[in-house]
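The values are calculated or read from the model by the stated rules, or taken from the named source; none is laboratory data. Everything numeric in this text was worked out from a predicted model, so none of it was measured. Note that we place each Cβ from the backbone using ideal geometry, even for glycine, and neighbour counts take in every protein chain shown. The protein model used for the area step is the full one, side chains on, heavy atoms only, and it has no ligands, DNA or RNA in it. Shrake-Rupley method; radii C 1.70, N 1.55, O 1.52, S 1.80 Å.
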Amino acid sequence: QVQLVESGGGWVQPGGSLRLSCAASGVADSIYLMGWYRQAPRKQRELVAVIQNSDSANYADSVKGRFTVSRDNAKNTVDLQMNSLKPEDTAVYYCIARLRTWDVYWGQGTQVTVSS
């Protein structure tokens, strides 16, 4: 069955960078969209960045100019390069994949903490 595995989370000082990666396995059909959501304590889960297999991407206003999402369609992976990190970026980041069948899958999440 389909599984999404995230990696790259951790702690970083404000202004630093992290790169998150997500790999999908067990996919028999084409993946239409991959990307990232995040959820901070006491806040709703929100979209960070998603990318279609055409490389068309959408970003939350709060991360535009700082984060870059990319994917490798052949390998079924998606990355999130996060630069100029701020304390408000602290959250659990979740990988998401949607297939052409509209089936949606989520990773387990990886913690990103930005603090001095």
Over the Cα atoms of the range 66-116, what radius of gyration and what Dmax do you get, in Å? 13.2, 44
Around residue 53, with a cut-off of 14 angstrom between Cβ atoms, what is the net charge of the other residues, counting Lys and Arg +1 and Asp and Glu -1? +1
Over the chain, relative contact order from alpha-carbon pairs under 8 Å, at least 6 apart, %: 37 percent
Hey, what's the range 9-116 come to in accessible area per residue, 1.4 Å probe, Å²? 53 Å²
Residue 9: net charge of surrounding residues, Cβ under 15 Å, Lys/Arg +1, Asp/Glu -1, itself excluded? -1
Taking K and R as +1 and D and E as -1, what net charge do the other residues with C-beta under 15 Å from the C-beta of residue 115 add up to? -1
Carbon and sulfur %, accessible surface of the chain computed with the full protein complex present, 1.4 Å: 45 percent
In whole Å, how far is the Cα centre of the range 2-33 from that of the range 93-116? 7 Å
